[in-house]
Amino acid sequence: MSHIHFIGGEKGGVGKSVTARVLSQWLLDRSQPFAGADADTSNGSLVRAYGESTQAVDLESFPSADEIMNRALGGDRRVVVDLPAQSMRHVQRWFESAEIVRFAREMGIGLTLFHVTDGGFDSVASLERTLKTFGDRFAYVAVRNFGRSKDFSQFDQSEARRHLESLGGRVIDLPEPAVTPAPS
């Protein structure tokens, strides 16, 4: 069964592209069939890192966005979609215009939304908006990015986290990158 993993978070700079690259590499290291879709045209990190298995997509163009689904239909594979900041309205329009959720269910394609957070007010508020907008259309994973913040108390105590968990969502941690000391 194919599965599409949307890596979002609405806020710029929270680590969406890093998370997309980590998930992509994790899949490849485990010999999982992988296809990437890079919707972050200002960054293009996934295309640069995994060019031969990744294509750029434009969420404002339905035929281009449809390539995400086409990649999932290409066989039993995991599709990783790197979303740009402030893109959930485009995802919502595409989902509604093409009845993506119904089609994915009919085709046996799973949909997961990873919400990368720095734990701050804007990030927590955008998660709550996303959960209210999409409800049970996705499986959810909140990613606490310790490379961007050390304090997730606002997220951990939020209504957004309770809402996420009521929908069966999970919370995972992306650890701070290890720093290798420079040679002396």
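The values are calculated or read from the model by the stated rules, or taken from the named source; none is laboratory data. In this text, all values refer to a predicted model and were calculated from it rather than measured experimentally. With ideal geometry, Cβ positions are generated from the backbone for all residues, glycine too; neighbour counts draw on all protein chains shown.
The residue that is surrounded by the fewest Cβ atoms within 10 Å (Cβ to Cβ), among those in segment 14-61 that are among the polar types (S, T, N, Q) and in a helix (DSSP H, G or I), is Q25. The set of residues in segment 69-99 that are surrounded by 18 or more Cβ atoms within 10 Å (Cβ to Cβ) and closer than 12 Å to F34 by Cα comprises R71, A72, R77, R78, V79, V80, V81.
The criterion of at least 2 residues that are within 26 Å of N70 (Cα to Cα) is met by the following helices (runs of 4 or more DSSP H) wholly inside segment 89-184: 100-107, 121-134. Considering only residues that are more than 13 Å from the chain's Cα centre (by Cα), in contact (Cβ under 8 Å) with a residue 60 or more places away in the chain and at negative phi, which ones fall in segment 75-96? Matches in segment 75-96: D76, R77. Counting only residues that are touching a strand residue (DSSP E or B) at 6+ places or on another chain (Cβ under 6 Å) and touching a residue at least 60 places away in the same chain (Cβ under 8 Å), segment 128-154 holds 3 of them. Within segment 159-184, take every residue that is of a type in the set (G, A, S) and at pLDDT 95 or above and give me the one that is farthest from the chain's Cα centre (by Cα). In this case the residue turns out to be S166. The criterion of being surrounded by 22 or more Cβ atoms within 10 Å (Cβ to Cβ), in contact with a strand residue (DSSP E or B) (Cβ under 9 Å, 6 or more places away or on another chain) and at pLDDT below 90 holds for K11.
Only one of the listed residues (S31, S17) is out of contact with any strand residue (DSSP E or B) (no Cβ under 6 Å at 6 or more places or on another chain) and closer than 25 Å to L174 by Cβ. That residue is S31.
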